[in-house]
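What follows is a short report on a single structure.
The values are calculated or read from the model by the stated rules, or taken from the named source; none is laboratory data. Since we're looking at a predicted model, the values are computed, not measured. Every residue, glycine as well, gets a Cβ built from its backbone with ideal geometry; the counts of neighbours run over all protein chains shown.
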Amino acid sequence: MQFVNLLLNDVTFVLDESFTAFKDIHDVTKLLKNPPSDMDEAAKQEQEEKLASAQGKAKNYMQLTNETVAMLKLFTEALADSFTKKEVVVRLAHMLDYNLEALVSPEKRRALQIDNPLEYGWNPRAMLAEVADVYLNLREKQSFIDAVATDGRSYRSDYWDEAYRILQRLALKNAQQLAQWKAMADRIAAAKRAADVEEADLGEYPEEFTDPIMATLMEDPVTLPISKQVVDRSTIQSHLLSDPHDPFNRTPLKIEDVIPNPALQAEIQAWKANLLAQKMAERKGGQQAGEELMDMDTS
């Protein structure tokens, strides 16, 4: 888990640095090609210096980015279970979704277009193919499917459709891989529909059932030994991968020190099961009433 966490830190950092540099190159180049009428020599020089800085940054980071993404592809293929554990899977899914959007969204893709991209080691097609491989390596893991589906920031089914068209048009994946991508997209869309229904059914969680850090419904609540705060086990596990301290009072903390809270866990499970069963019964009752009205109308 420590290795996976460090690798995710690296991938997130180098991708962000590289893409930020390319956006700066794109924007400044466009500005210098068509400068506003009120741009004086000092302002022009400032933009040229900004361009040179972004170009240097892109060259420095892009090789590292390519190597790090290739490493992520390699290890998600070999160690899929380690990358889909609760403490890291949401972070991985959201990072991939964010960068998939940058690579396939027409607006954001244009922002990464620069002159002479190979001079910087930048090959958007190859990057998309690598990112797609990481997704495909984890396609059988339901925790990953659910993490992508519930990413309200960057996941859109349209992005998956656009990625499919690009991968197919540019022959970046073979027929089997394209079929796997389509099947995975369908599973994620179904998971999102189910998650949306469940979220609507549950409504606002009781405060005592809500993780104070992630604002999510706790599944495995634990009590922190010194601060006495109650959080979900996966939340504190994820936190401790990067910081071995209680996030509420900064005292040293190990995962072995947390105190399970089975009574609260059972209470949460019962509340959730009862509420979902009630909502399902209401929907069935409404559906039956509608069918009876249709029967009366046709009789």
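Between I213, I268, the distinction of being surrounded by 12 or more Cβ atoms within 10 Å (Cβ to Cβ), assigned to a loop (DSSP other than H, G, I, E, B) and aliphatic (A, V, I, L, M) belongs to I213 only. Going by what's in this entry, would A185 be described as touching a Phe, Trp or Tyr at 6+ places or on another chain (Cβ under 6 Å), closer than 30 Å to K272 by Cα and either of a type in the set (K, R) or surrounded by 17 or more Cβ atoms within 10 Å (Cβ to Cβ) (or both)? Yes; evaluated as a whole, the condition is true for this residue. Name the residues in the stretch 48-101 that are buried (at least 16 other Cβ atoms within 10 Å of the Cβ) and of a type in the set (S, T, N, Q), would you? Result: Q55, T65, N66, T68, T76, T84, N99. Within the stretch 83-91, can one find any residue that is under 25 Å from Q113 (Cα atoms) and not acidic (D, E)? No, the stretch 83-91 has no match at all.
Each residue in the stretch 238-265 was checked for being outside any loop (DSSP other than H, G, I, E, B) and either free of Cβ contacts under 8 Å to residues at least 60 places away in the same chain or in contact with a Cys (Cβ under 8 Å, 6 or more places away or on another chain) (or both), and 13 of them qualify. A single member of A179, A215, A189 is in the same structural domain as D133 (by TED's automatic domain parsing), without any contact (Cβ under 8 Å) to a residue 24 or more places away in the chain, aliphatic (A, V, I, L, M) and out of contact with any Asp or Glu (no Cβ under 8 Å at 6 or more places or on another chain), and it is A179.
For the stretch 61-87, the set of residues classified as of a type outside the set (S, T, Y) and within 13 Å of K141 (Cα to Cα) consists of E77, L79, A80, D81, F83, K85, K86, listed by residue number. Enumerate the pairs (first residue in the stretch 84-95 and more than 17 Å from L6 (Cβ to Cβ); second residue anywhere and of a type in the set (K, R) and buried (at least 19 other Cβ atoms within 10 Å of the Cβ)) with beta-carbon separation below 9 Å, excluding pairs fewer than 6 apart on the same chain, so at least 6 apart or on different chains. What qualifies is K86/R233. Which one is surrounded by the fewest Cβ atoms within 10 Å (Cβ to Cβ), of the residues in the stretch 1-47 that are within 22 Å of L128 (Cβ to Cβ) and polar (S, T, N, Q)? This residue is T20.
Table: residues versus (1) touching a Leu at 6+ places or on another chain (Cβ under 7 Å); (2) farther than 25 Å from E162 by Cα; (3) of a type in the set (A, V, I, L, M); (4) not assigned by TED's automatic domain parsing to the domain that holds D161.
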| position | (1), (2), (3), (4) |
| --- | --- |
| S37 | no, yes, no, no |
| N60 | no, yes, no, no |
| L64 | no, yes, yes, no |
| A78 | no, yes, yes, no |
| F83 | yes, yes, no, no |
| R91 | yes, no, no, no |
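The helices (runs of 4 or more DSSP H) found entirely in the stretch 105-185 that carry 1 or more residues being among the aliphatic types (A, V, I, L, M) and under 30 Å from S234 (Cβ atoms) are 124-137, 142-149, 157-169.
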